[in-house]
Each structure stands twice: as C-alpha cells, then as structure tokens.
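Take a look at the structure below.
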Amino acid sequence: MMVAGATLGMEASFRSLKFLAPVNAVITPLVLMGTFVILLNESLRGSVSPTPVKWLLGVVLFMNSLVLLIMLFSTFSSKVAALMPGSGDTLDNFQLGILEQIDNCDASKDITSLFIFSGDNQPRQIREKARLKIRSKPDWQDDLYNTLEGDDVDEAFLFLLSNEIDDRPKFAKGVYQGILSQARLIRERLRRSSHPSHVYEGQFIFEVERSLQVAEKFKDLGVDFKPAVKELRAALDEPIAYENPNNSCKRSWING
C-alpha cells in the first residue's frame with residue numbers, strides 16, 4: 001500500500017490521512033508477523049483460536065484498502081481539477097513579476113522583449129497580456145518581421161508558432177531569413193567558444209526545433225525553405241578548436 005502511495009506521488013493525500021499512519025507503519029507489520037508466528041508454530045496453532053486472527057487480518061486489509069482508495073480518489077480529483085476551466089491561473093512571484101514587466105513596457109518604443117511571453121508555453125494571464133500589449137502598437141507586424149533578421153529571431157519564432165499574422169506569404173519570406181539568422185547566431189556562438197565546456201550535446205536543440213516548426217507552419221506559401229534549413233544544418237558543423245558534440249540537433253531534417 002505504501003509503495004502504491006509513493007508511486008502516485010500523493011504527498012497531500014498522506015497529510016490528509018495522518019490518522020491512518022499507525023495502520024501502515026505499526027499495526028499492519030505487527031499483525032502480519034504475529035500471524036506468521038502462529039502459523040509456523042505448531043503448538044500456537046493448536047492453542048490460538050483462528051477467529052481473532054482472521055478478524056485482525058480483515059481489519060488490516062480493510063484499513064489498507066481504504067488508504068489506497070482515498071489516495072486513488074485524491075489523484076483522480078486533482079487531475080480533474082487541473083483540466084477544469086480556470087485551473088492553473090495562480091501565478092507565483094516570478095510570474096507576477098513578468099506581468100509587471102509587461103505592464104511597464106512601452107510598446108510604442110519596443111515590443112521585441114514581449115515576444116518571448118506570447119507563446120502557448122506561458123500561463124494564460126501572461127501570454128494574453130503580452131499579446132494585447134504587442135498588438136497595441138499599430139505597426140507591430142513590421143517590428144515582428146524586422147526581428148526575424150536580427151539577433152532576437154528565436155523570440156520572433158516563439159510568437160509565430162503560437163499566434164497568427166495577417167500577411168502570411170510576406171512572413172513566409174521573413175521566416176526564410178529568420179532561419180538564416182538562426183544559422184548565423186549558431187555559427188557566432190560556436191566561434192566564441194573558448195573552452196570545451198562551452199560546447200555540449202543538445203546545445204542548440206530548441207533553436208533548431210523552433211526553426212523547423214515555423215518552417216513547417218509556413219511551408220505551403222510558395223517559399224522553399226530547404227536552402228535555409230541546409231544552412232542551419234551546416235552551421236552546427238562550424239569548425240572550432242574543440243570537438244563539436246551537437247549531434248542531437250541533427251536527427252530530423254527536411255529532405256532534399
């Protein structure tokens with residue numbers, strides 16, 4: 001029973017079942033050991049009535065089954081609560097700080113710093129506030145397009161993967177340039193490495209995955225992304241003074 005509880009990871013359930021702890025920790029092993037002693041000792045078997053032994057075993061079985069059922073119910077209830085509308089809306093202090101940062105951002109001057117908060121990986125309050133602040137700038141799509149050619153291209157890709165824009169054919173061309181920007185940034189980072197510890201397996205896996213995902217999203221708009229993707233692939237092999245272990249980023253690529 002205790003193993004099952006640990007597997008379920010129901011720490012809250014154990015707190016709510018403190019009154020049953022003696023059953024699991026003390027009474028159950030005592031009753032089981034006493035039963036084994038009686039069963040293994042022929043003289044005790046003849047002198048002890050089986051009725052109280054059966055009664056004790058039944059109580060222990062019932063109480064342990066009750067513990068397990070309550071923990072299973074608690075697990076089910078928590079999962080249902082997590083799926084209900086409005087769940088997961090409580091923010092921690094760090095996330096509240098992000099909301100304040102978004103509020104204090106002057107969208108008329110720069111919205112690039114908000115793109116990273118607009119993805120579906122962010123809590124609802126954060127991404128919705130970031131999207132509203134971004135769209136409050138009349139020419140926000142121009143800023144987004146220009147970001148694809150700069151050093152913040154990864155943040156622009158995050159926005160494009162979770163949000164829609166008006167001129168998709170135009171942005172398909174921007175995505176092509178964005179992948180080239182990503183390749184340039186990878187090469188520059190590899191060139192700046194001055195110690196073997198600066199280069200490691202999976203170093204650019206998220207940048208590569210986002211590049212491929214956004215290319216997939218815009219693939220049917222008349223732009224051939226294969227040359228840009230090949231350049232991104234080649235950037236991972238940038239010659240450096242140390243062994244380059246970035247192999248996990250090369251597992252899935254657009255063929256051609």
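The values are calculated or read from the model by the stated rules, or taken from the named source; none is laboratory data. Note that the structure is predicted; figures quoted are calculated from it, not measured. Virtual Cβ from ideal backbone geometry, glycine too; neighbours counted across all protein chains shown.
So here's what we get for this one:
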{"read-out": "Qualifying positions in segment 151-171 - surrounded by fewer than 21 Cβ atoms within 10 Å (Cβ to Cβ) and under 19 Å from residue 220 (Cα atoms)", "value": "161, 162, 163, 164, 165, 166, 167, 168, 169, 170"}
{"read-out": "Filter pass, residue 155 being closer than 21 Å to residue 131 by Cα and free of Cβ contacts under 8 Å to residues at least 24 places away in the same chain", "value": "no"}
{"read-out": "Which listed residue, of 35, 7, is of a type in the set (Ser, Thr, Tyr) and either modelled with pLDDT of 75 or more or touching a strand residue (DSSP E or B) at 6+ places or on another chain (Cβ under 7 Å) (or both)", "value": "35"}
{"read-out": "Unique match (being small (Gly, Ala, Ser), touching a helix residue (DSSP H, G or I) at 6+ places or on another chain (Cβ under 6 Å) and either more than 26 Å from residue 113 (Cβ to Cβ) or outside any loop (DSSP other than H, G, I, E, B) (or both)) among 228, 241", "value": "228"}
{"read-out": "Condition broken by residue 81, with the remaining ones in (1) closer than 30 Å to residue 140 by Cβ; (2) modelled with pLDDT under 60; (3) of a type in the set (Gly, Ala, Ser) satisfied", "value": "(1)"}
{"read-out": "Residue list for segment 128-156, restricted to those being farther than 13 Å from residue 175 by Cα and of a type in the set (Phe, Trp, Tyr)", "value": "140"}
{"read-out": "Residue, surrounded by the fewest Cβ atoms within 10 Å (Cβ to Cβ), within segment 210-256, restricted to residues that are modelled with pLDDT of 90 or more, β-branched (Val, Ile, Thr) and under 28 Å from the mean Cα position of the chain (by Cα)", "value": "229"}
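Conditions (1) among the small types (Gly, Ala, Ser); (2) at pLDDT below 95; (3) surrounded by 16 or more Cβ atoms within 10 Å (Cβ to Cβ); (4) over 13 Å from residue 244 (Cα atoms), marked per residue:
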| residue | (1), (2), (3), (4) |
| --- | --- |
| 173 | no, no, yes, yes |
| 178 | yes, no, yes, yes |
| 181 | yes, no, yes, yes |
| 191 | no, yes, no, no |
| 195 | no, yes, no, no |
| 199 | no, yes, yes, no |
| 202 | yes, yes, no, no |
| 208 | no, yes, yes, yes |
